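Visitor: I am attaching a structure below and will ask some questions about it afterwards.
The values are calculated or read from the model by the stated rules, or taken from the named source; none is laboratory data. All values derive from a computational prediction rather than experimental measurement. As a convention, Cβ positions derive from the backbone with ideal geometry for all residues, glycine included, and neighbour counts pool all protein chains shown. Ligands, DNA and RNA are stripped out before the accessible areas are found, and what is left, the full protein with its side chains, is counted by its heavy atoms. Shrake-Rupley method; radii C 1.70, N 1.55, O 1.52, S 1.80 Å.
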Amino acid sequence: MMRFHKAELFFFLLMFFVGISGAFSLAAYSAATGGFVVGGVETAASFAFMAMVLSGLSVVCGCFLVYPIMSRGVRERGKLQKMTESLSVRSLTLEHAAVTDSLTGMYNRRYFDDALAEYLQAFGHIDKPIGMVILDLDHFKAVNDTHGHDVGDKVLRQVAECLQVFTRYHDVLARLGGEEFAILSPNITERQLYNLSDRIRQAVSELQIPHGNVTLKVTVSAGLAIWDGVESGEELYRRADKQLYEAKRQGRNRVCAA
């Protein structure tokens, strides 16, 4: 059985009053002019009175029944639209937060892994190289232990800003976790990637991070690898990470390439 909304029922009632009022008006005109309804002036006046009454009921029905429901519906739609817009903004914010490192504002490991898979697929089709650099701050634990995690966070933010200066717009720069960062750089040779990594290493070593009466200086070690065109993203990462450990083994503050 079909159910009608309250507003629809009131609308039908309003149309009913309007229709009957129109019928009585027509009958009054006919009685007064000797048309299809015969009755003279008194009959015409009666019909006209009924038409006026029904017109009044139509106005009352429209003002006190139909209009409040319509007005409330418009307000509710406005509220719903605002809620939808707010939820859309919140969804975008949450989506951005899900792939962003809250401390440095860089991309996180999740985004980096997704970008790596997409880059391997895209650049594999056009036979272009992809380079990966894994960077790790040297003796960062000592910074946290000696000066506190707040200072350690400040160091990480400054190093992140330094890295962003040297990367290109289509490079993917991410903080993988802790003091480890990564750069995914497409369409680049091993020599170019090595030079980029060494410039970053030099720039980080020149950073001066004030803390009270002390100025902190940090260094970074880097390992890099160029995709061979067939290995997986995980295999490429392992090769770059192996070179990072080689840089650490050789004394830190240096770059090693596969």
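Visitor: If you roll a 1.4 Å probe over the heavy atoms of the protein chains, what accessible area per residue do you get for the range 166-226, in Å²?
Guide: Per residue, the range 166-226 has 45 Å² of solvent-accessible surface.
Visitor: To the nearest 20 Debye, how big is the dipole of the range 197-258 about its Cα centre, given +1 on the beta carbon of each Lys and Arg and -1 on that of each Asp and Glu?
Guide: 360
Visitor: Then there is this: Determine the gain in length on full extension of the stretch ASP145-ASN195; use 0.36 nm per residue of separation and subtract their C-alpha separation, reporting nm with one decimal.
Guide: In short, 14.7 nm is gained.
Visitor: Note the direction-averaged projected area, equal to a quarter of the hull surface, for the Cα convex hull of the range 192-238, in nm².
Guide: Projected over every direction and averaged, the Cα hull of the range 192-238 covers 4.3 nm².
Visitor: Now a separate question. Considering only the other residues whose Cβ falls under 11 Å of the Cβ of ASN187, what net charge follows from Lys and Arg at +1 and Asp and Glu at -1?
Guide: Counting the neighbours of ASN187, the net charge comes to 0.
Visitor: Continuing with the same structure: What residue among ALA257, GLN243, THR215 has its Cα farthest toward the positive end of the dipole of the range 180-258, where the charges are +1 on Lys, Arg and -1 on Asp, Glu, each on the Cβ?
Guide: Value: THR215.
Visitor: Would you mind classifying the range 150-204 by shape? Square roots of the alpha carbon gyration tensor eigenvalues, ordered a ≥ b ≥ c; an a/c under 1.5 is rounded, otherwise it is prolate if a/b is larger than b/c and oblate if not.
Guide: It is prolate, given that a/c is not under 1.5 and a/b is the larger ratio.
Visitor: So how strong a dipole does the range 142-258 carry about its Cα centre when Lys and Arg Cβ are +1 and Asp and Glu Cβ are -1, to the nearest 20 debye?
Guide: So the magnitude is around 340 debye.
Visitor: Could I ask something else about it? Which net charge results when you count Lys and Arg as +1 and Asp and Glu as -1 among the other residues whose beta-carbon is under 12 Å from that of ASP241?
Guide: With Lys, Arg at +1 and Asp, Glu at -1, the net is -1.
Visitor: Of LYS154/LYS242; LYS154/LYS217; LYS154/LYS248; LYS217/LYS242, which pairs sit farther than 21 Å apart, going by alpha carbon to alpha carbon?
Guide: LYS154/LYS242; LYS154/LYS248; LYS217/LYS242
Visitor: While we're on this one: Could you list the trypsin sites (Lys or Arg not before Pro) in the range 124-218 that lie in coil according to DSSP, counting only those with at most 16 other Cβ atoms within 10 Å of their Cβ?
Guide: Passing both the DSSP loop test and the Cβ count: ARG168, LYS217.
Visitor: Net charge around ASP228, counting only other residues with Cβ within less than 10 Å of its Cβ (Lys, Arg = +1; Asp, Glu = -1)?
Guide: Net of charged neighbours comes to -1.
Visitor: A further question follows. Considering all projection directions equally, how large on average is the shadow of the alpha-carbon convex hull of the range 134-258, in square nanometres?
Guide: Taking the Cα atoms of the range 134-258, their convex hull projects to 7.5 nm² on average.
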